[in-house]
Amino acid sequence: MSAGDLHFNDLPFELVCEIFDYLPLPDIKNASIVCRRWNAIIFSEVYIHRFRLQVNLDHSLPVLKQMAQLLEASDREYYSVVLRANLGSPLTEARLRIVKLMIRLLAYRSESLYFNMADFRIESCISERLLRGRKLQVIDTRAKYIPLGMGLKESMLAAICEYAADLVDLVIAEMNINNPKALVPLSSLKHLKLLLISDYYPYVKPPEPPIHLPNLENLSLIKVTDESCHYFRVDNLKRFFIHSTGTDAPRTMDFITQNITRVNRLCLHFTARSIQADVIFGWLDRFPNLLALELAGVALPVDVLKHLSPANRLQKLIFVSCQLEAIQLDGLGEKLTHLRQLCFDGCSLFHRQSGFHPVHYDDIEELRQILPCCRVMLDYD
């Protein structure tokens, strides 16, 4: 086919949509009256979902009320919504009404949501493929780190819990708040199975867990205080991950075991090498169903297993970014009789003449001979 035979209308639907995306909205309107095919593409349900809506929340009260009425009456859906506001001005009912309306449109029928509190950004995801879908973001036009921003964060989270009743997966990143009541609305998400929270710093232990998530299977708390463990009542939890900011291992394990003991996979990440790892193994008898342990960021003396009960059922043991005094830990074969997988991920081993070096294949060869029924591996195996 020669170049003279090609025509714009010969392009497939998806490629035409990509080209139209480069046009501003007024030009999109003009393009819609060029021909019937362009009109059909631009007003198709698939392309309308690609539109981006920008709303300025700094308008006067009458204008905001009119905008809210127009948005509530419209059945149009938007792929991306940007709300521009000066977060130093009062959080009026009219502004909050529009924010909640946009969250309702975004969260409707969503199974997975990502909420970055630092950026005031909410994104829906296609849970099967973990792809980002629709997006809502509030952009601060003037001030930042103003008390209003904190109130807006909590209001946005409350709106998510109100309108996303069928939510299955929820990620709340960069909370940076210590209000113990901020997460209480999560109890309304009865179908939630996966919850990840980062940067949550409550310093008060509640008398009873205020957040009840009966179907939650996977809970991850990243960069949190130990007290955060007490805010969740999770009867069917299978995996618990915590990256604690604390430096007292007995205190951390005490807080965990008071509320979370039925898991079969436990992931404990610390940032202080002074953590007493042997104490952690001594607490594992409080987890009767535990089959897998992931331990990160601690120093491992040769007798780290001295407090581990021989009755444990551990089948999988993963060390992440740990410093080992010796590769062959005392009692490894005798106390871990059910072990089927032992992994060293980014760990270092102490050598008397040269200090710590990354664990290599030669280092674990001896373990493979001692544990013939166990798969001993490095992170890049």
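The values are calculated or read from the model by the stated rules, or taken from the named source; none is laboratory data. Bear in mind that the values here come from a model prediction, so they are computed numbers and not experimental data. Quick reminder, even Gly has a Cβ in these numbers, built from the backbone with ideal geometry, and neighbours come from all protein chains shown. SASA here: full protein model, heavy atoms, side chains in, ligands and nucleic acids out. Shrake-Rupley method; radii C 1.70, N 1.55, O 1.52, S 1.80 Å.
When each full DSSP H helix of the chain is screened for a Cα extent of at least 15 Å along its own axis and an average Kyte-Doolittle hydropathy of at least 0.5, the helices passing are 61-73, 93-107, 147-163. When the trypsin sites (Lys or Arg not before Pro) in the range 344-377 are filtered for DSSP coil states and for at most 16 other beta-carbon atoms within 10 Å of their beta-carbon, the remaining sites are 352. Calculated mean residue ellipticity at 222 nm for the chain: -7500 deg cm²/dmol, from DSSP H runs with n ≥ 4 weighted as -39500 (n - 2.57), summed, divided by the residue count and rounded to 500. Across all directions, the shadow cast by the convex hull of the range 239-381 built on its C-alpha atoms averages 7.9 square nanometres.
When both the range 219-235 and the range 178-203 are represented by their alpha-carbon centers, they are found 8 Å apart.
Each peptide in 219-231, 10-22, 165-177 receives the mean, over its residues, of other Cβ atoms within 10 Å, and ordering these scores from highest gives 219-231, 165-177, 10-22.
Using the Cβ-Cβ distance between residue 155 and residue 309 with R0 set to 51 Å, the FRET efficiency works out to roughly 0.60. At full extension, residue 14 and residue 350 could sit 115.2 nm farther apart than now, given 0.36 nm per residue minus the alpha carbon distance. Taken over the alpha carbons of the chain as equal point scatterers, the Debye sum produces base-10 log I(q)/I(0) values at 0.15 Å⁻¹ of -1.23. Residue pairs exceeding 19 angstrom between C-alpha atoms, taken from 223/316; 100/153; 190/316: 223/316; 190/316. A 1.4 Å probe run over the protein chains yields, for the chain, 51 Å² of accessible area per residue, whole-number rounding. In the range 168-207, the convex hull through the Cα atoms has an average projected area of 3.1 nm², a quarter of its surface area.
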